[in-house]
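Working notes for the structure below.
The values are calculated or read from the model by the stated rules, or taken from the named source; none is laboratory data. Owing to the predicted nature of the structure, the values given are computational and were not obtained by experimental measurement. Neighbour counts are summed over all protein chains in view; Cβ atoms, including those assigned to glycine, are modelled from backbone coordinates with ideal geometry. Heads up: the accessible areas ignore ligands, DNA and RNA and are worked out on the full protein's heavy atoms, side chains in. Shrake-Rupley method; radii C 1.70, N 1.55, O 1.52, S 1.80 Å.
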Amino acid sequence: NVLLFLNRLAMIQNFTLLLSWSEEEAARYLETFKAFDGKDASLIQKREQVNFIDQVSDFLCTIRSINTTDSAQLLSQFGSIKQIMSASKDELSLCPGLGEKKNS
């Protein structure tokens, strides 16, 4: 009930409501908010990838355990998304940076 009341009050009064787990987290949010205050939104918006490697990397990074380094390793070792998708767990585990945890 309290959060609902605060949310409603913030909307009516046109306030920004900031919730955090700790004072440090709130401070980081406020610092970031202040740093981007008055700046163009394009600074924090995701940019479209235009070349093939970046597009493949973005696609592979949607998998929670895969980062950009892993995606580069996978692409260099297997050559295409089709080959990565058809690879067995054993073949994937041979790729540097992909252990049992990331492979499952």
Problem set entry | Filter pass, S20 being touching a helix residue (DSSP H, G or I) at 6+ places or on another chain (Cβ under 7 Å), open to solvent by less than 80 Å² (accessible area, probe 1.4 Å) and over 28 Å from L94 (Cα atoms) | yes
Exercise. How about segment 90-99: which of its residues are over 25 Å from the mean Cα position of the chain (by Cα) and over 16 Å from L60 (Cβ atoms)?
Worked result: D90, L94
Exercise. Would you say Q45 is in a helix (DSSP H, G or I) and either open to solvent by 60 Å² or more (accessible area, probe 1.4 Å) or touching a residue at least 24 places away in the same chain (Cβ under 8 Å) (or both)?
Worked result: no
For this session: Test D58 against the criterion of being among the acidic types (D, E), surrounded by 11 or more Cβ atoms within 10 Å (Cβ to Cβ) and touching a helix residue (DSSP H, G or I) at 6+ places or on another chain (Cβ under 9 Å), and give yes or no.
Result: yes
Exercise. When residues of segment 68-104 are filtered for being assigned to a loop (DSSP other than H, G, I, E, B), at pLDDT 85 or above and surrounded by fewer than 15 Cβ atoms within 10 Å (Cβ to Cβ), how many remain?
Worked result: 3
For this session: Those residues that are touching a residue at least 24 places away in the same chain (Cβ under 8 Å) and either assigned to a helix (DSSP H, G or I) or not hydrophobic (A, V, I, L, M, F, W, C) (or both), I need them from segment 54-67; list them, please.
Result: V56, L60, S65
